[in-house]
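Each value in this text was obtained by applying a stated rule to the coordinates, not by laboratory testing. Small disclaimer: the values here were computed from a predicted structure and weren't measured. Every residue, glycine among them, receives a Cβ derived from its backbone with ideal geometry; neighbour counts consider all protein chains shown.
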Amino acid sequence: MGLSIAHVGCGAMGSALLKGWLTLPDTKERFANFWVIAPHREKVEPFLKDHRVGWMSSPEHLPQTPDLILFAVKPYHLAEILPHYKAFETLFIFVASGKPLSFYEAYLSPSSPLVRAMPNTPLSIHQGAIAFLSKASLSPQNKQRVENCFRGMGFSFWVNSDDELDKVTALTGSGPAYVFYMIEAFAQAAKALGFSKETSLQMAISTFEGASTYAEQSNQSPESLRTQVTSPQGTTAEAIKVLERGDLYHLMEEAVKAAYKRAKELAHEEKNI
Ligand SMILES: NC(=O)c1ccc[n+]([C@@H]2O[C@H](COP(=O)([O-])OP(=O)(O)OC[C@H]3O[C@@H](n4cnc5c(N)ncnc54)[C@H](OP(=O)(O)O)[C@@H]3O)[C@@H](O)[C@H]2O)c1
């Protein structure tokens, strides 16, 4: 019998996870039900054609206690939503940025196992990354359940502290946005050389996609792959000189540190942003 999952919140991250789960090759064996709890039915509508997906506006309408309850709502909504889940004694997973495990403990039943996770949206196409954090008391069965849930959706791993998960937030959690930004910049550069918007975007996407897959399949480091295509005094070398002048390494480090700092701030923030 597959898992039944209550899925609280179906925005960018919630719908990415749901899409990822529903499209796994063995989804029907692994998942029996997805009960999406969200304020607006219309946002869940595209998923409702799968007979395993149901929508409800509040947890009182759940037909039974789910095997797992996953929260994908904004961090500032949690304090208002969590008290409605105190009666459920089941495995909880939270994907909100910043809030430490202790934050959730204050709202939920002490016998409920809690897992904090940091996913990213490419999990929807099974090429994502997700990190998990729990207390040492999480049973091996529940640990296995969490791992099974995300098997086949990308790179998954456990971390040892809230601080480490905040660092993951700044890396793979926010990381797809950094890559989208670079794709935008590359496409903009192609447009500046006179290519159409469509061709520019295709050139940018195919270059990033091809280079990432090539790096993944190669047994060489990205640095070595870069050096191989950068002949001294050649065209690529001229471009790399410009990127080095802009100190891309330093810029990326600063960007990741800024996101990490912001994750720490979110731990204490209640306001609507
Ligand atoms: N987006 C990412 O790439 C990403 C990556 C890693 C982690 N996260 C984390 O994922 C969480 C969700 O982010 P998001 O980007 O998906 O935000 P989002 O697009 O704004 O989605 C949040 C969803 O929560 C719903 N919601 C609001 N009140 C609710 C309630 N009382 N019960 C159930 N659902 C409720 C909203 O519904 P309505 O819109 O209908 O009001 C909305 O669909 C955040 O905590 C974020 O830190 C996001």
On full extension of the chain, what length is gained from Asp50 through Glu238, given 0.36 nm per residue of separation minus the C-alpha to C-alpha distance? 62.5 nm
Extension gain Ala267-Leu101, at 0.36 nm per residue separation less the Cα-Cα distance, in nm? 58.7 nm
Calculate the length of the line joining the C-alpha centroid of the range 204-273 to that of the range 1-78, in whole Å. 34 Å
In whole angstrom, and with the biggest value first, how far do the Cα coordinates of the chain range along each principal axis? 68, 39, 37
If packing is taken as the average number of other Cβ atoms within 10 Å across a peptide's residues, how do 11-17, 245-251 rank, most packed first? 11-17, 245-251
Of 181-193, 164-176, ordering from highest average Cβ density within 10 Å down gives 164-176, 181-193
Measuring from its Cα centre, the range 175-266 shows a charge dipole (+1 at each Lys and Arg Cβ, -1 at each Asp and Glu Cβ) which, in debye to the nearest 20, is 200 debye
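Mind ranking 117-127, 195-205 by how tightly packed they are, going by the mean number of other C-beta atoms within 10 angstrom, highest first?
117-127, 195-205
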Enumerate the lysines that Lys241 could reach by cross-link, defined here as Cα to Cα under 27 Å, with residues fewer than 8 away along the same chain left out. Lys191, Lys197, Lys257
Can you list the lysines whose alpha carbon sits under 25 Å from that of Lys135, skipping same-chain ones fewer than 8 residues off? Lys74, Lys86, Lys99, Lys143, Lys167, Lys261, Lys264
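Could you compute how fast the range 146-185 diffuses translationally, taking Rh as the Kirkwood radius over C-alpha pairs and applying Stokes-Einstein at 37 °C with viscosity 0.692 mPa s? Give it in µm² per second.
Answer from the Stokes-Einstein relation: 278 µm²/s.
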Let me know the charge dipole size of the chain about its Cα centre in debye, to the nearest 20, where only the beta-carbon of Lys, Arg (+1) and Asp, Glu (-1) is charged. 280 debye
Compute, for the range 98-236, the length of the dipole vector about the Cα centre, with Cβ point charges of +1 (Lys, Arg) and -1 (Asp, Glu) only. Units Debye, rounded to 20. 200 debye
Put +1 on the Cβ of every Lys and Arg and -1 on every Asp and Glu Cβ in the chain; which of His7, Ala192, Gln220 then has its Cα farthest towards the positive end of the dipole? His7
